[in-house]
1. For the range 178-187, enumerate the residues that are open to solvent by 100 Å² or more (accessible area, probe 1.4 Å) and among the basic types (Lys, Arg).
2. Determine which member of the set 133, 175 is touching a Phe, Trp or Tyr at 6+ places or on another chain (Cβ under 9 Å), of a type outside the set (Phe, Trp, Tyr) and either open to solvent by 10 Å² or more (accessible area, probe 1.4 Å) or modelled with pLDDT of 95 or more (or both).
3. Yes or no: the range 359-366 includes at least one residue that is closer than 18 Å to residue 331 by Cβ, without any contact (Cβ under 8 Å) to a residue 60 or more places away in the chain and touching a Phe, Trp or Tyr at 6+ places or on another chain (Cβ under 9 Å).
4. Those residues that are more than 39 Å from the chain's Cα centre (by Cα), open to solvent by less than 70 Å² (accessible area, probe 1.4 Å) and closer than 21 Å to residue 221 by Cα, I need them from the range 263-316; list them, please.
5. I want to confirm something. Restricting to the range 144-161 and keeping residues that are without any contact (Cβ under 8 Å) to a residue 60 or more places away in the chain and surrounded by 14 or more Cβ atoms within 10 Å (Cβ to Cβ), which single residue is nearest to residue 265 (Cα to Cα)?
6. Where in the range 160-224 are the helices (runs of 4 or more DSSP H), entirely inside, with at least 1 residues that are within 25 Å of residue 142 (Cβ to Cβ)?
7. Of everything in the range 496-521, what is free of Cβ contacts under 8 Å to residues at least 24 places away in the same chain and either outside the structural domain of residue 485 (by the TED database) or more than 16 Å from residue 429 (Cα to Cα) (or both)? Give them in sequence order.
8. Please tell me if residue 370 is under 17 Å from residue 460 (Cβ atoms), surrounded by fewer than 17 Cβ atoms within 10 Å (Cβ to Cβ) and modelled with pLDDT under 95.
Amino acid sequence: MINTPNSHLTGGQSLDSLDDAEKGMYDSTLELTAPCFVYVEQKRAKHAANFLLTVSPVQQGITPGTSVPELSLSLPVGRRPADASELEMTIKKPAQSKPQKQKISRWILFDLWFNTYRKFFTFVTLLNLTGIILAALGRFSYAENHLGALVLGNLLCAIMMRNELFIRVLYVVAIYGLRSWAPVRVKLAVTSVLQHVGGIHSGCALSGAGWLIYKIVDIIRYRAVQHPAVIASGIVTNVFIIISVLSAFPWVRNTYHNVFEKHHRFVGWLGLAMTWVFVIMGNTYDIKLGKWRTNANSLLSAQELWFAVFMTIFVLIPWVTLREVPVEVEIPSPKVAVLKFQRGMQQGLLGRISRTSIMEYHAFGIISEGKKSPHHYMVCGVQGDFTKGLVANPPKTVWTRELKFAGVGHASAMFHRGIRICTGTGIGAALSTCIQSPNWFLIWIGSDQERTFGPTVSRLIHSHIEPERMILWDSKKRGGRPDTMELLKDTWKRFGAEVVFITSNMQGNDEMMQGCAREGMHAFGTLWDF
């Protein structure tokens, strides 16, 4: 096989898919002649057993700060330290220039692929497809009388699954309802549901479009008794909804982001407006009498009207919190912009920002020292035109929705002890959890971290996270990337973690998710909606 500069990237990923801050991690790997990860010298094994035996040989070699020569992780109550033979086996493990990849079973690969997102999507679409088939066969009496309700019910559910307020409510119920008593497996299941509700969103949106097509076909079949205006409004609504759904397909969204945003949002709004027209006209025209009703009671009692009302409310909620806010931009390097905003935030939240009021919104993780902190921050890695503009032409103000949405990291408050691992600009989504909770361990892998990300990020880390509760791996200073699974396995065991949350690029995410599944460690990674 011919080695190319990017041949170390797996899964068909190229450096073009990474932001500039992450590219440095891979660039430094290419220059590497030393081992990719560091182990303790053999002579240290002689006296290692005299310590608490919670010392991690892997972590001793990589934890920053000369003032902390030994790393002792506090163990959870009731947990036994590793014995001397176990420690010796880890220390004597030979260093190698490149970590050997272990084979991942097909079952693990399938299980990670057919995740909760795809399970939700499959269930919702098959359920609705069954309903459409039964309706076509004349065996679904509810559909015969309430086709519009089935259309709008699906679309309402799709909107709710992407609504910031509704999702925040779900997280609050899960966190405060489960964290004090629920077993870990229940918390893991609920976290998986919260992370993958996008599967319900996609399934309901596609199903709503399917029911809408069926309804228009049904209207056209009986066009002799239906008013042409009702038929026309239904067809126009159908076109708008289908365009909005198709624009959200992964290859459109990921390849042509602005095309996705314009069509999914603005055509979707037009579809909502035409839905109102279609609902009002469809419920005020009496096909039996062949004339328009003047009595509003039939309209107010229609299920379709109230579905349309709640659809409109949930669409408007995040936009009524839209504000133009002042921002301070720190540019520690050409690869990164650090944005500083007023007021503190809970951990695990993300925010959308834009230079304009309604166009080109981009989501970034929020770093905050707590709700009572005067500021919060966003770390924006240079990747596309928007983030390049933050560095080339720093704004004084940006538009943002003050109602922030919860990322899966927000669920970390449910667990008693965990690991937050991230690469590059993923620190923006991961850091708040470890700052605001003393029971979370931070692993950050990046290139030339202090120079690339600047003094603000460095201060936030070192002011709030104890050296024994973090691993900062600088791939430039350390001569390459670490064996991340070695770090995770070692930290999982010695820190007594219940769960791992991963924020990384697609390659790193896949490698760690597969490795954690193989080792029996519960992990949640970055999700790219399908």
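The values are calculated or read from the model by the stated rules, or taken from the named source; none is laboratory data. Please read these numbers as outputs of a predicted model, since none were measured by experiment. Don't worry about glycine lacking a Cβ; one is built from the backbone with ideal geometry, like all the others, and counts go over all protein chains shown. The area values use the complete protein model at the heavy-atom level, side chains included, leaving out ligands, DNA and RNA. Shrake-Rupley method; radii C 1.70, N 1.55, O 1.52, S 1.80 Å.
1. 185
2. Result of the check over 133, 175: 133.
3. Step one: of the range 359-366, the residues closer than 18 Å to residue 331 by Cβ are 362, 364.
Right, trim to without any contact (Cβ under 8 Å) to a residue 60 or more places away in the chain and you get 362.
Checking which are touching a Phe, Trp or Tyr at 6+ places or on another chain (Cβ under 9 Å) leaves us with 362.
Yes, because at least one residue in the range 359-366 is closer than 18 Å to residue 331 by Cβ, without any contact (Cβ under 8 Å) to a residue 60 or more places away in the chain and touching a Phe, Trp or Tyr at 6+ places or on another chain (Cβ under 9 Å).
4. Listed by number, the residues that qualify are 281, 282, 283, 284, 285, 286, 290.
5. Let us first name the residues in the range 144-161 that are without any contact (Cβ under 8 Å) to a residue 60 or more places away in the chain, namely 144-145, 154, 157-158, 161.
Then drop every residue that is not surrounded by 14 or more Cβ atoms within 10 Å (Cβ to Cβ), which leaves 154, 157-158, 161.
On the way: 154: 18, 157: 17, 158: 14, 161: 15 Å.
So, considering only residues that are without any contact (Cβ under 8 Å) to a residue 60 or more places away in the chain and surrounded by 14 or more Cβ atoms within 10 Å (Cβ to Cβ), the one nearest to residue 265 (Cα to Cα) is 158.
6. Working: elements: 164-178, 184-195, 198-221.
Once the helices (runs of 4 or more DSSP H) in the range 160-224 are filtered for at least 1 residues that are within 25 Å of residue 142 (Cβ to Cβ), what remains is 198-221.
7. 520
8. Numbers: under 17 Å from residue 460 (Cβ atoms): yes; surrounded by fewer than 17 Cβ atoms within 10 Å (Cβ to Cβ): yes; modelled with pLDDT under 95: yes.
Spelling it out, residue 370 is indeed under 17 Å from residue 460 (Cβ atoms), surrounded by fewer than 17 Cβ atoms within 10 Å (Cβ to Cβ) and modelled with pLDDT under 95.
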